Amino acid sequence: QVELVESGGGLVQPGGSLRLSCVASGTFLHIVAMGWYRQAPGKERELVATVTAGHNVNYADSVKSRFTISRDNAKNTVYLQMNSLKAADTAVYYCNVRGYSGSYYQWEDYWGQGTQVTVSS
């Protein structure tokens with residue numbers, strides 16, 4: 001069974017930095033992409049950043065100048081380096097993996113449990 005384990009969330013002051021990690025365990029035939037999404041209280045989940053196996057990256061406009069996503073394909077691990085954090089970045093951050101697990105019939109999206117990021121003074 002696929003499981004995504006996230007770490008690195010916590011409380012940080014405005015302007016500070018935080019680094020999130022996500023390790024995807026289980027059997028994968030192929031992981032197409034890994035990424036991060038977030039959901040603030042009372043708001044819908046939104047894309048933060050994604051990275052493909054070929055290291056192509058995509059960022060939300062609100063974070064692209066401040067956040068950096070990276071991936072270790074051999075370890076099935078994705079990271080999110082967050083700099084210059086703002087109060088608006090406060091949210092639950094979810095790790096996402098899109099890949100083939102049991103077969104190549106169809107890819108599936110897998111999600112972590114979420115890790116809380118709070119930016120406050």
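The values are calculated or read from the model by the stated rules, or taken from the named source; none is laboratory data. Everything numeric here is computed off the predicted structure, so don't read it as measured data. As a convention, Cβ positions derive from the backbone with ideal geometry for all residues, glycine included, and neighbour counts pool all protein chains shown. What goes into the accessible areas is simple: the full protein's heavy atoms, side chains included, and nothing from ligands, DNA or RNA. Shrake-Rupley method; radii C 1.70, N 1.55, O 1.52, S 1.80 Å.
Please go through the range 100-121 and give me each residue that is free of Cβ contacts under 8 Å to residues at least 24 places away in the same chain and either touching a Lys or Arg at 6+ places or on another chain (Cβ under 6 Å) or at positive phi (or both), ordered by number.
Asp109
Could you please find all residues in the range 1-41 being outside any strand (DSSP E or B), modelled with pLDDT of 95 or more, open to solvent by 60 Å² or more (accessible area, probe 1.4 Å) and out of contact with any Lys or Arg (no Cβ under 8 Å at 6 or more places or on another chain)? Lay out the reasoning, then the answer.
Within the range 1-41, the first condition is being outside any strand (DSSP E or B), and the residues that meet it are 1-2, 8-9, 13-17, 26-29, 40-41.
Next, from what is left, pick out any that are modelled with pLDDT of 95 or more: 8-9, 13-17, 40.
Right, trim to open to solvent by 60 Å² or more (accessible area, probe 1.4 Å) and you get 13-14, 17.
Gln13, Ser17, listed by residue number.
Read through the list (1) β-branched (Val, Ile, Thr); (2) open to solvent by less than 30 Å² (accessible area, probe 1.4 Å); (3) free of Cβ contacts under 8 Å to residues at least 40 places away in the same chain, then give the number of the only condition that Thr68 fails.
(2)
Within the range 60-73, does at least one residue satisfy the condition of being within 15 Å of Gly112 (Cβ to Cβ) and in contact with a strand residue (DSSP E or B) (Cβ under 8 Å, 6 or more places away or on another chain)? Lay out the reasoning, then the answer.
Restricting attention to the range 60-73, the residues satisfying the condition of being within 15 Å of Gly112 (Cβ to Cβ) are 69, 71.
From what is left, the residues that are in contact with a strand residue (DSSP E or B) (Cβ under 8 Å, 6 or more places away or on another chain) are 69, 71.
Yes: the range 60-73 contains one or more residues that are within 15 Å of Gly112 (Cβ to Cβ) and in contact with a strand residue (DSSP E or B) (Cβ under 8 Å, 6 or more places away or on another chain).
Is it the case, given these coordinates, that Gln113 is over 13 Å from the mean Cα position of the chain (by Cα) and part of a loop (DSSP other than H, G, I, E, B)?
On the way: over 13 Å from the mean Cα position of the chain (by Cα): no; part of a loop (DSSP other than H, G, I, E, B): yes.
So Gln113 does not fit the description; no.
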